[in-house]
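Q: Below is one structure. I have some questions about it.
The values are calculated or read from the model by the stated rules, or taken from the named source; none is laboratory data. Keep in mind it's a predicted model, so treat the numbers as computed, not measured. Ideal geometry is used to build each Cβ from the backbone, glycine not excepted, and the neighbour counts take in all protein chains shown.
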There are 2 protein chains.
Amino acid sequence: MAFKEPYELSVKEASELIRKQELSPVDLVRSCIERIEALEERIKAWALVDREGALQAASLCEAEIKERSWRGPLHGIPIGIKDIFYTAGLRTEAGSGTLAGFVPSCDASAVERLKEAGAIILGKTQTTQFACLDPAATRNPWNLDHTPGGSSSGSAAAVAACMCPVALGSQTAGSTLRPAAYNGIVGAKGEHGRVSTYGVVPLSWRLDHVGILARTVEDAAITLQAIAGYDPKDLHSLNAPVPDFLASLKVSKSPRLGLVRGYFFDHADEEMRRHTEEVAERLRGAGASVTEAVLPPDFVNASDINGVSMKAEAAAYHEDVFAEKKDLYRSNIRQLIEDGLAGPVTTYVRALEERLAQRAKLTPLLLNWDALVTPGATGAAPEGLESTGNPAMQRPWTTIGVPTIALPTGLNRKGLPLGIQLVGGPFAEDRLFAVAWWCEKALGVHLNPPL
Amino acid sequence: MAFKEPYELSVKEASELIRKQELSPVDLVRSCIERIEALEERIKAWALVDREGALQAASLCEAEIKERSWRGPLHGIPIGIKDIFYTAGLRTEAGSGTLAGFVPSCDASAVERLKEAGAIILGKTQTTQFACLDPAATRNPWNLDHTPGGSSSGSAAAVAACMCPVALGSQTAGSTLRPAAYNGIVGAKGEHGRVSTYGVVPLSWRLDHVGILARTVEDAAITLQAIAGYDPKDLHSLNAPVPDFLASLKVSKSPRLGLVRGYFFDHADEEMRRHTEEVAERLRGAGASVTEAVLPPDFVNASDINGVSMKAEAAAYHEDVFAEKKDLYRSNIRQLIEDGLAGPVTTYVRALEERLAQRAKLTPLLLNWDALVTPGATGAAPEGLESTGNPAMQRPWTTIGVPTIALPTGLNRKGLPLGIQLVGGPFAEDRLFAVAWWCEKALGVHLNPPL
C-alpha cells in the first residue's frame, strides 16, 4: 500500500487511509490533479478540472476528519462527473454549443448526494454531445488511436488512467458499461430509477440511468450506495427500499451463472465470443455453476425498442431549441432528433407496451440464475475516434431497466481490454454486486493501461 | 326486507339471505331476468342477456350453498358486464361492427375473479363504440329522453333500473363515474392498475381503469375487493398489497373534506354548483369538516393530457384494423383515431411526463384531506341521446390514476339525479371508501327511478 501513489488507490484503500489520518484528502486531490496534468494532453478526459474548488473541498474534508467527523467511505474522495450532470457554480455543457458557458445554480441530485457523503467534485468529464453518439475528444488510455467508447467517454478514460478513482456516467443505451469494457474498468448501473436523474440533461427520460465507472466492484458499490434512493424531484425515481449493496459483498457464495449466447454472440466478434467462453470456463474452474440461458425468440425487440424510445423522447426534449439552433447539433444527435420528430406516435406507443412485455417475459429468466453473463461489448475498443462503438450488448437490459455490471476480464493480443457483462434481476442490485465481487476475486484480473 | 322483490336487494342484503338459505340464487337471477324483460324494451341496457347460462350458474351456486360451501359476499349475485370485457363463450362486441359475432375463448381477468368469487354473469351491457363517445342505444331510466351517460351506459342504466345489483364498467376519461352520476347510483374506480384490464378491449392502456356501478357504497366495496389485485397478465397491473376496503367501512369517523371549486366549478352548470355547495353544507351539518381545497394553476393540464394520451394510444391499438375497416368506425372514435395517427409523437411524450408531474404535484393536496369533493358531473344528464355528456369532472383524476367514487346526493327540479364525486389519495381506496360510506349515511339519499 505504501508504495502506491495516492492517485493509484481505490476508493476503499484511500478511504481507510483518510479515516486513519494516514492520507490527507488534500494530498489525494493534489496527486490526482498532478496525474491529470501529466496525461490530460494525451487523454482529453476532462471538460473542466476544478483545481481550486476541489482543493478547497479537500481542506474542509481534512478539517472534518481532524475533528473526528467522518462522513463515510466517500469522505475526501475525488470524483469525476460526466458533463451532463448539473454542478452548482461549475460549467455544464453536455458537449454542446447550445449550452456553451452554462453554469447551473444547483447540483444534480446525484451530485448533491455525493457532496453530502463527503466526496470531492474534481471536475467535469467529457461526454459525447448530449450523451448521444457524436464522439468527444477523449482517447482510450490503452491505445490513443482507439475510441474510449461513449457517451461517458471522459469518465471511463479518467478512471482507467487513474486520474480519479471513480466517476459518474450515464446510460441510455450502452453509455456506461461499453466504455467501462473498452477501458478495462468496472461499470455499473442500478435498476431504472434507483439513482435520481434530476439535474441530468436528459437524452430519454424513460431510459436514462445514472452509471458508475470505477476500478473495483467494491468501489462501484460504495458509490452507488451513496447516491441511490428515492428523489421526489425525479418523476421516474423509484420509490422503493434501497438494498444494502455493501453488506451483500460480505456474502461469498459460488454463484449460479447463466451464459447467454443467442443475440449476444450474434452481435459479438469472434475474439469476444471466444474470450467470453474462456471466462466462463475460468469461472467454472473457480467453482461457479455456469449453464446456458436461452433467450426468448423475440428478445431482439428489447434492443429495437431502445432506439424507438430514445428518438421520440430526445425529440420531445430538444424540439424547441432544435428548431432555433439546429446548426449547433452534431450529425448523430441531429439525426436522432429528426428521426424522432418524423416518427409516428403509434410506433412509440407500441414500443412502450412492448418494453413492459419484454421486462415481464425476461424476469423469470433473470430470476433463474444469480446473474446472466454476456460479452461486455461487441469486441475490444474499435480503432479510430470517429465512432464510439456498438452498444448492442447493453441495449436490451437498459431498455427493460434491470441492473448490470461490466467487469474487466483480460487483454486481447493487441493489448486492449476485454470484459464481460453481468445482468441481475429486477431491483436485485445487491445480489448482482455479490456475484460481480465473487467473479472479480475468482478471476483476479485488474488492468492498468501502460501510461 | 321481506317486502322487497329480490331484484331490489343490494348485494349486501341478497348475500345475507343467500348465505342463510332464505333466498335462492336461482330466484334472484330469475327475478332480475323478469325485471329486464319488463323494462329492457324501454331502457336498452343489454347487448346480451345470458338467461340460460345465468340460471345454470345460479343452480350450481345454490347447490354449493346447500353443501355449506359459501364463497363470499358475491356468491350467487348476478352481475352485468360491460361489453368490452372478454367473456368466455359469450359474444363480446364492444359496440363495434369490427367485432360482430366475436366470442372469446377466455374471460377477462376481472370476470374470472368474479366467477371465482361465486358471482353470476347475467349478461353483457351496452357500451358506446369501443368505450369512446358514440352513444349506445341505452336510455336513462329516470327519463328516457335523456342520455344515461357513457361509455358504461348499459351498466349504469341496468343497475339504476334494478336489473342487477352491480355491474362492471370501465373509465378512461369519465366513463364510470359520469354515468353513475346521471343515473343516481354509486360509481367507483380504484387506483390505476388496481384491477386487471387483461381481456378488456383497450381504449388507452395507460388510462383504462375497471370501474364498478352499484347502488350502495358497500356493494361497490364488496365488488372491488373481489376483483382487485396484481395480475401478471396485465402489463399495467399494480404489484402492491390490496387494502381491506370492507374493513375500512367499519371505521366511522367524521371526515375532513376538501371542497374543490376552481376548474370543477368553471366546468359545472349553475344548478350543479349550487347543489354541490348545498351537499357540502349538509355534510358539515352532519359533522364533517369541509374546507376549500385550492388547485394549482396548471391543473387544467391534467385534463388536457387525458385527450392527448387517449388519442395516441387508441390510434396505436386500432391502427391496423382501422386501415382496413374504417367504415365500421363511428364518428367520434374515428376522429379520435385519426387525431391520434396525425398527432406528433413529441406532444404525446411530453404529455406522459406532464402526467407524472401532475400526479406528483396533486399528491400533497390529496393527502391534506380524507377526500376531495367535486360535482359528480357538469350537470344532470343532458337531454337527447346523441351525446353521452361531458367527462370534465372525471378527466383529471383518471389521468393521474387516483381512486374516485361517485355518490348520488339528490334530484333536480326536473327529477333527474345529481351527485358528488369524492377523490382519494394515491393507493388509498380504503380511506376513500370509508369517507364515501360516511357521506352516504350522513346524506341518507337513495334514489330509485320511477319505472
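Q: Among the residues of segment B:44-63, is there at least one that is among the charged types (D, E, K, R) and in contact with a helix residue (DSSP H, G or I) (Cβ under 7 Å, 6 or more places away or on another chain)?
A: Pass one, segment B:44-63, residues among the charged types (D, E, K, R): B:44, B:50-52, B:62.
If we keep only those that are in contact with a helix residue (DSSP H, G or I) (Cβ under 7 Å, 6 or more places away or on another chain) too, we end up with B:51, B:62.
Checking segment B:44-63: at least one residue is among the charged types (D, E, K, R) and in contact with a helix residue (DSSP H, G or I) (Cβ under 7 Å, 6 or more places away or on another chain).
Q: Separate question: When you scan segment A:111-190 for strands (runs of 3 or more DSSP E) that lie fully inside it, which ones turn up with 1 or more residues that are polar (S, T, N, Q)? Outline the logic, then answer.
A: Details: elements: A:120-125, A:166-171, A:186-189.
Of the strands (runs of 3 or more DSSP E) lying wholly inside segment A:111-190, those with at least 1 residues that are polar (S, T, N, Q) span A:120-125, A:166-171.
Q: Can you pull out the residues in segment A:279-297 that are part of a helix (DSSP H, G or I), of a type outside the set (Val, Ile, Thr) and touching a residue at least 40 places away in the same chain (Cβ under 8 Å)? If you could, list the steps in order and put the result at the bottom.
A: At the first step, the residues of segment A:279-297 found to be part of a helix (DSSP H, G or I) are A:279-285, A:297.
Restricting the remaining residues to those that are of a type outside the set (Val, Ile, Thr) gives A:280-285, A:297.
Of everything in segment A:279-297, those that are part of a helix (DSSP H, G or I), of a type outside the set (Val, Ile, Thr) and touching a residue at least 40 places away in the same chain (Cβ under 8 Å) turn out to be A:Ala280, A:Arg282, A:Leu283.
Q: While we're looking at this one, here's another question. Mind checking whether some residue in segment B:360-383 is within 14 Å of another protein chain (Cβ to nearest Cβ) and free of Cβ contacts under 8 Å to residues at least 40 places away in the same chain? Spell out how you get there, then give the answer.
A: We begin by selecting, within segment B:360-383, every residue within 14 Å of another protein chain (Cβ to nearest Cβ); these are B:360-364, B:367.
In the following step, the residues that additionally are free of Cβ contacts under 8 Å to residues at least 40 places away in the same chain were identified as B:360, B:364.
Yes; the residues of segment B:360-383 include at least one that is within 14 Å of another protein chain (Cβ to nearest Cβ) and free of Cβ contacts under 8 Å to residues at least 40 places away in the same chain.
Q: Out of the residues in segment B:303-359 meeting the condition of being touching a residue at least 40 places away in the same chain (Cβ under 8 Å) and among the β-branched types (Val, Ile, Thr), tell me which one is nearest to A:Glu338 (Cα to Cα).
A: Among residues in segment B:303-359 that are touching a residue at least 40 places away in the same chain (Cβ under 8 Å) and among the β-branched types (Val, Ile, Thr), the one nearest to A:Glu338 (Cα to Cα) is B:Val308.
Q: Is it the case that B:Ala240 is of a type in the set (A, V, I, L, M, F, W, C) and surrounded by fewer than 24 Cβ atoms within 10 Å (Cβ to Cβ)? Don't jump to the end; show me each part of the working.
A: Values: of a type in the set (A, V, I, L, M, F, W, C): yes; surrounded by fewer than 24 Cβ atoms within 10 Å (Cβ to Cβ): yes.
So B:Ala240 fits the description; yes.
Q: Right, something else. Residues in segment B:202-222: is at least one in a loop (DSSP other than H, G, I, E, B), in contact with a His (Cβ under 8 Å, 6 or more places away or on another chain) and among the small types (Gly, Ala, Ser)?
A: For segment B:202-222, residues in a loop (DSSP other than H, G, I, E, B), in contact with a His (Cβ under 8 Å, 6 or more places away or on another chain) and among the small types (Gly, Ala, Ser): absent.
Q: Related question: Could you check segment A:388-412 and list, in sequence order, the residues that are small (Gly, Ala, Ser) and either over 18 Å from the mean Cα position of the chain (by Cα) or not assigned by TED's automatic domain parsing to the domain that holds A:Leu362 (or both)? Walk me through it before giving the result.
A: In the first step, residues of segment A:388-412 are kept if they are small (Gly, Ala, Ser); the result is A:389, A:392, A:401, A:406, A:410.
If the condition is that a residue be small (Gly, Ala, Ser) and either over 18 Å from the mean Cα position of the chain (by Cα) or not assigned by TED's automatic domain parsing to the domain that holds A:Leu362 (or both), then A:Gly410 is the only one that fits.
Q: Given B:Glu64, B:Glu41, B:Glu37, which one is of a type in the set (D, E, K, R), outside any strand (DSSP E or B) and touching a residue at least 40 places away in the same chain (Cβ under 8 Å)? Write out each step before concluding.
A: On the way: B:Glu41 fails: touching a residue at least 40 places away in the same chain (Cβ under 8 Å); B:Glu37 fails: touching a residue at least 40 places away in the same chain (Cβ under 8 Å).
Going through B:Glu64, B:Glu41, B:Glu37 in turn, the sole match is B:Glu64.
Q: Scan segment B:98-113 for residues that are under 13 Å from B:Ile79 (Cα atoms) and either in contact with a helix residue (DSSP H, G or I) (Cβ under 6 Å, 6 or more places away or on another chain) or basic (Lys, Arg) (or both) and report the count. Full working, then the answer.
A: Quick first cut of segment B:98-113, residues under 13 Å from B:Ile79 (Cα atoms) only: B:110-113.
From the residues that got through so far, the ones that are either in contact with a helix residue (DSSP H, G or I) (Cβ under 6 Å, 6 or more places away or on another chain) or basic (Lys, Arg) (or both) too are B:110, B:113.
Looking only at that region, the number is 2.
Q: Which ones in segment B:243-257 are crowded, with 21+ Cβ neighbours inside 10 Å and either within 13 Å of chain A (Cβ to nearest Cβ) or within 16 Å of B:Pro403 (Cα to Cα) (or both)?
A: Our first condition is that a residue be crowded, with 21+ Cβ neighbours inside 10 Å; within segment B:243-257, this holds for B:243, B:245, B:255, B:257.
Answer for segment B:243-257, where residues must be crowded, with 21+ Cβ neighbours inside 10 Å and either within 13 Å of chain A (Cβ to nearest Cβ) or within 16 Å of B:Pro403 (Cα to Cα) (or both): B:Pro243, B:Phe245, B:Leu257.
Q: Quick one: in segment B:333-351, which of the residues that are surrounded by fewer than 18 Cβ atoms within 10 Å (Cβ to Cβ) and over 28 Å from A:Leu203 (Cβ atoms) is farthest from the other protein chains (Cβ to nearest Cβ)?
A: Among those that are surrounded by fewer than 18 Cβ atoms within 10 Å (Cβ to Cβ) and over 28 Å from A:Leu203 (Cβ atoms), it is B:Gln335.
Q: Is it the case that some residue within segment B:211-224 is in contact (Cβ under 8 Å) with a residue 12 or more places away in the chain and under 30 Å from A:Gln358 (Cβ atoms)? Please lay out each step first, then the result.
A: First, the residues of segment B:211-224 that are in contact (Cβ under 8 Å) with a residue 12 or more places away in the chain: B:211-224.
Right, trim to under 30 Å from A:Gln358 (Cβ atoms) and you get B:211.
Yes, that holds for at least one residue.
Q: Looking at this structure, is B:Glu22 touching a helix residue (DSSP H, G or I) at 6+ places or on another chain (Cβ under 9 Å) and within 23 Å of B:Thr216 (Cα to Cα)?
A: On the way: touching a helix residue (DSSP H, G or I) at 6+ places or on another chain (Cβ under 9 Å): yes; within 23 Å of B:Thr216 (Cα to Cα): yes.
Judged against the criteria, B:Glu22 is a match.
Q: Looking at segment A:299-332, which of its residues are within 21 Å of the chain's Cα centre (by Cα) and either surrounded by fewer than 17 Cβ atoms within 10 Å (Cβ to Cβ) or of a type in the set (Gly, Ala, Ser) (or both)?
A: Matches in segment A:299-332: A:Ala302, A:Ser303, A:Gly307, A:Ser309, A:Ala314.
Q: Now for a different question. Looking at (1) touching a Gly at 6+ places or on another chain (Cβ under 9 Å); (2) closer than 25 Å to B:Ile185 by Cβ; (3) not aliphatic (A, V, I, L, M), which is the only condition B:Gly89 fails?
A: With respect to (1) touching a Gly at 6+ places or on another chain (Cβ under 9 Å); (2) closer than 25 Å to B:Ile185 by Cβ; (3) not aliphatic (A, V, I, L, M), B:Gly89 is out only on (2).
Q: Consider B:Val294 against the criteria (1) more than 14 Å from every other protein chain (Cβ to nearest Cβ); (2) crowded, with 22+ Cβ neighbours inside 10 Å; (3) β-branched (Val, Ile, Thr): it satisfies all of them except one. Which criterion is unmet?
A: So the condition that B:Val294 fails would be (2).
Q: For the subset of segment B:193-206 comprising residues that are buried (at least 24 other Cβ atoms within 10 Å of the Cβ) and not small (Gly, Ala, Ser), which member is farthest from the other protein chains (Cβ to nearest Cβ)?
A: Ranking the candidates gives B:Val195 first.
Q: Of B:Glu354, B:Glu324, B:Glu271, which residue is part of a helix (DSSP H, G or I), within 13 Å of chain A (Cβ to nearest Cβ) and either closer than 30 Å to B:Gly410 by Cα or among the charged types (D, E, K, R) (or both)?
A: When all the criteria are applied, what remains is B:Glu354.
Q: Moving on. Please verify whether segment B:252-263 includes one or more residues that are more than 21 Å from B:Leu432 (Cα to Cα), more than 22 Å from the chain's Cα centre (by Cα) and modelled with pLDDT under 95.
A: Scanning segment B:252-263, I find no residue that is more than 21 Å from B:Leu432 (Cα to Cα), more than 22 Å from the chain's Cα centre (by Cα) and modelled with pLDDT under 95, so the answer is no.
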